[in-house]
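Accompanying notes for the structure given below.
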Amino acid sequence: MREQKRFLMPDTSWDTGAMEAWLEEMFARGWHLTECGFRFATFRRGEPIRVRCRMMPAARETLEARQEREEVYTQLGWDYLANQADRYHIYLCRDPAAPELETDPVAAAWDRDRLLRKGRRDLLLAWLALAAVAAFAVYRIASSEKPVETAIRGVGISAPLSAVLLAWAVWETVDTLRRVRLLRRQMAAGLPQSHTGDWRRARRRAGMVLGAMLLMDLLVIGYPFLRLGTSWGEGLDELTHPVPCLMGWQLDETLTEADRTSGTCLMNPTFLNPGHYDVWDRYTGDRSVINQCDILLLSCLAEPLYREWQTRIPVFAEAELTELDHPGFDGVSLARSGENTYLLLWQDKIVLYVGAFGVAGAEAHLDDYAALLREFQ
């Protein structure tokens, strides 16, 4: 049997009574506290004993003043046991008849009120940091020349996790303020600090919080590796993956597959865009077909992306964009500039941009595009 072991502590942010009751239970089971951290405490195995444990707020005092206080506590039957995250000093008493350490509710309230103020300040700083991160993300997207695509391509698994974290933070904030208000009322009334509490519930709460944080860290760290597993690139002549676009030789009757000079397909998925394809298909005579297909996680993202493409194409094509009607699509837009054709297709959660340079016939294959994109929905 192990002689030393670490245990997850109860959530002791405001309920020190639950922590004291847990420590007393651990001593009764034969586990003696040796070290106390932020979330975990270390115990060594010993004889089961009945003790009293008290958590005293760490006061701002000189070393000499602390030594004098420790001597007084020792004379009263209380021994220093450990320091908990520089917030509390933990004391142990084996004498059930020894007097309590907190005999002056006013002085005790002053020390604990300082911790409450610090807790509220830390909470405010956390919200300010969260607001700063959110503002930077919004600024980065809003200042982009293509904000919709930037948001879709840039948002990772951290976004939905952050939404969950935000909801949890709101709940924690409300609960914390409620606890602070209750404690301040107790201290204002001169009531002594409670030395009991539901430590089992507090430990379950601490375990849930720790588990949620570890899960979030695991997903944030591991998600890029999952993406690497699905990203790929291949030459079009050796393509083994189906792609949601038509090749130049399928569009233009004057071309054959043998006329291709080079071709590449890259797939780079993101959380909101699990199917992002970039396909370059080049032929003799400087003719080429460039495709960008976005298969989105949510259908509601497709229309904003389609509308953004509608504003971008006339700029770089230097041609007017015309909307067409086709039963197989939610939206079809076409622009021509000399021998170049620009085709934009929107079907449910897929948006496909086709730039055909010197390659004719793209708009004549709308039925083929509609059937092909339905296979990728």
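The values are calculated or read from the model by the stated rules, or taken from the named source; none is laboratory data. Note that the structure is predicted; figures quoted are calculated from it, not measured. Backbone-built Cβ (ideal geometry, glycine too); neighbour counts: all protein chains shown. In case anyone asks, the SASA skips ligands and DNA or RNA and just uses the protein heavy atoms, side chains included. Shrake-Rupley method; radii C 1.70, N 1.55, O 1.52, S 1.80 Å.
For this structure, a couple of remarks:
- Residues (part of a loop (DSSP other than H, G, I, E, B) and either open to solvent by less than 10 Å² (accessible area, probe 1.4 Å) or in contact with a strand residue (DSSP E or B) (Cβ under 9 Å, 6 or more places away or on another chain) (or both)) located in the range 336-350: E339, K349
- Lone qualifier among V174, V180 - being in a helix (DSSP H, G or I), more than 25 Å from E308 (Cα to Cα) and open to solvent by 70 Å² or more (accessible area, probe 1.4 Å): V174
- Among residues of the range 135-151 that are assigned to a loop (DSSP other than H, G, I, E, B), those with a beta-carbon under 8 Å from a residue that is surrounded by 10 or more Cβ atoms within 10 Å (Cβ to Cβ) at least six positions away or on a different chain give the pairs S144/T150; K146/E308; K146/R312.
- Matching residues, the range 274-304, being farther than 11 Å from Y353 by Cα and either open to solvent by less than 10 Å² (accessible area, probe 1.4 Å) or in a strand (DSSP E or B) (or both): G275, H276, W280, D281, R282, Y283, R287, S288, I295, L296, A302
Conditions tested, residue by residue: (1) at pLDDT 80 or above; (2) open to solvent by 90 Å² or more (accessible area, probe 1.4 Å); (3) more than 30 Å from G358 (Cα to Cα); (4) of a type in the set (V, I, T).
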{"site": "M187", "(1), (2), (3), (4)": "no, no, yes, no"}
{"site": "M208", "(1), (2), (3), (4)": "yes, yes, yes, no"}
{"site": "G222", "(1), (2), (3), (4)": "no, no, yes, no"}
{"site": "G233", "(1), (2), (3), (4)": "yes, no, no, no"}
{"site": "W249", "(1), (2), (3), (4)": "yes, no, no, no"}
{"site": "G263", "(1), (2), (3), (4)": "yes, no, no, no"}
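- Looking across the range 360-375, the residues that are open to solvent by 10 Å² or more (accessible area, probe 1.4 Å) and over 35 Å from the mean Cα position of the chain (by Cα) come down to A360, G361, E363, A364, H365, L366, D367, D368, A371, L372.
- Exactly one residue out of E35, E64, E47, E71 is within 24 Å of E3 (Cα to Cα), free of Cβ contacts under 8 Å to residues at least 24 places away in the same chain, open to solvent by 70 Å² or more (accessible area, probe 1.4 Å) and out of contact with any Phe, Trp or Tyr (no Cβ under 7 Å at 6 or more places or on another chain), and it is E47.
- Taken residue by residue, the range 326-335 has no member that is in contact with a Gly (Cβ under 8 Å, 6 or more places away or on another chain) and either open to solvent by 40 Å² or more (accessible area, probe 1.4 Å) or not acidic (D, E) (or both).
- Strands (runs of 3 or more DSSP E) contained in the range 1-107 and holding at least 3 residues closer than 16 Å to H195 by Cβ: 52-57, 78-84, 88-93
- Boolean, T103 is modelled with pLDDT of 90 or more and surrounded by fewer than 20 Cβ atoms within 10 Å (Cβ to Cβ): no
- Residue match in the range 132-142 (condition: open to solvent by less than 60 Å² (accessible area, probe 1.4 Å), in contact with a Ser or Thr (Cβ under 9 Å, 6 or more places away or on another chain), among the β-branched types (V, I, T) and closer than 22 Å to L297 by Cα): yes
- Every test in (1) in contact with a strand residue (DSSP E or B) (Cβ under 6 Å, 6 or more places away or on another chain); (2) open to solvent by 10 Å² or more (accessible area, probe 1.4 Å); (3) without any contact (Cβ under 8 Å) to a residue 40 or more places away in the chain; (4) not β-branched (V, I, T) is passed by F357 save one, and that test is (3).
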